[in-house]
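First comes the structure, then the notes that go with it.
Bear in mind these aren't lab numbers, they're just calculated from the coordinates by the rules spelled out. Remember, it's a predicted structure, so these values are computed and weren't measured experimentally. Neighbour counts run over all protein chains shown; Cβ positions are idealised from the backbone, glycine included.
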C-alpha cells in the first residue's frame, strides 16, 4: 500500500515509521513548513498525491475540510485524524457522498480508545437506568494541542448524552453559574506534555464511578491510523467513523 502522510509533525513522523514497519510504502510526505528531508511536497494537490493508494491526514482544522473534499474529488481514500472541524460534518458528508471515494474520520485512532468508547456507551446506558447518577467528563492534553475539547472527549460526551434520558446538551465552556439539569459538563485542561487523558464520571449522593483512559504515548494513535488506512483502502466507498471499522473488524467476531 502506497501511503501519503499529510502533516509531518509528531504524529506524522510516527505514522511514517509505523507504515514502514508494517511493510507499506510512504510515497509522499506533505507539509508546508517542515524542513525534514522526508518531506516531498508543501501543498496537498493532485500532483503531490499522485500514485498514492491512501492518505493519512493529521494537519489542522483550518485546512482539513479542503483536504477531505480534494481527496474525495481525486478518488483517494483518506484517514482523517485532524479534529476541530466537526461543525462542518454535514457539509463534508454531502461532498463525499457525491463521489466514489472512502473517508474515515475519528478524534482518536487508538484501539484502546475505540474499545473504551464501547465500555462507556454500555456504562452510560446502565447508569441512566438507575435514575440517581449524574454524568460529567474531563480531558487533559499537552499544551500544544490546537483544539479544545479534544475530538475524543466530544465522542465520549456524545455517547453519554445519547444514553441519558433527560440530558439534551453538552456544555464545553467554563461555567460561571449553576449547571442546567439537562446538560452534561465537559471540561478541558491544557498543559505539559500529556498525550491524552479522558475520564468519564458517574456521580450519585452515595458514590462516584470513574472510567479513565490514559494514553502513555502517541504510538497507539499511529498504529490505529495505519490499520484504518488498510481498511478504508480495501475497496470501500462512503463516509465512515472508527465505529464502522471496530464493528467490522472486532465486534463482528462476537456475533
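As I understand it, the value is the acute angle between the Cα axis of helix 151-163 and the longest principal axis of the Cα atoms of the chain; what does it come to in degrees, rounded to 10?
40
Order of 83, 138 from fewest to most other C-beta atoms within 10 Å?
Numbers: 83 25, 138 18.
Going from least to most buried by this count: 138, 83.
Dividing the convex hull volume of the Cα atoms of the stretch 130-255 by its residue count, what figure in Å³ per residue is obtained?
Details: hull volume 21.0 nm³, N = 126.
Roughly 167 Å³ of hull volume per residue.
Using Cβ counts within 10 Å as a stand-in for footprinting exposure, how do 62, 48 rank, fewest first? Can you show the working numbers first?
Details: 62 11, 48 17.
The order, fewest Cβ neighbours first, is 62, 48.
How large is the Kirkwood hydrodynamic radius of the chain, in angstrom, based on all distinct alpha carbon pairs?
Details: mean 1/r = 0.0522 Å⁻¹.
The answer is 19.1 Å.
As a test of the formula, what do you get for the chain when each DSSP H run with n ≥ 4 contributes -39,500 (n - 2.57) and the sum is divided by the residue count, at 222 nm and rounded to the nearest 500 deg cm²/dmol? Show your work: numbers first, answer last.
Values: 7 runs with 90 residues, N = 255.
Value at 222 nm, helices only, nearest 500: -11000 deg cm²/dmol.
Which parts of the stretch 207-244 would a label at residue 162 reach, counting a residue when its backbone N lies under 16 Å from a point 7 Å out along Cα-to-Cβ?
Counting only backbone N, you get 239-244.
Could you put 57, 36 in order, starting from the residue whose Cβ has the fewest other Cβ atoms within 10 Å?
On the way: 57 26, 36 11.
So the ranking, lowest neighbour count to highest, is 36, 57.
Whole number please: convex hull volume per residue, Cα atoms of the stretch 4-54, in Å³.
Numbers: hull volume 3.4 nm³, N = 51.
So the per-residue Cα hull volume is 67 Å³.
Using a basic spin-label model with each label point 7 Å from the Cα along Cα→Cβ, how many nm lie between residue 100 and residue 115?
3.8
For the stretch 38-115, what does the convex hull of the Cα positions come to per residue, in cubic angstrom?
Values: hull volume 8.7 nm³, N = 78.
Enclosed volume per residue, from the Cα hull, is 111 Å³.
What number, in nm² with one decimal, is the all-direction average of the projected area of the convex hull of the alpha-carbon atoms of the stretch 70-201?
Averaged projected hull area, Cα only: 9.5 nm².
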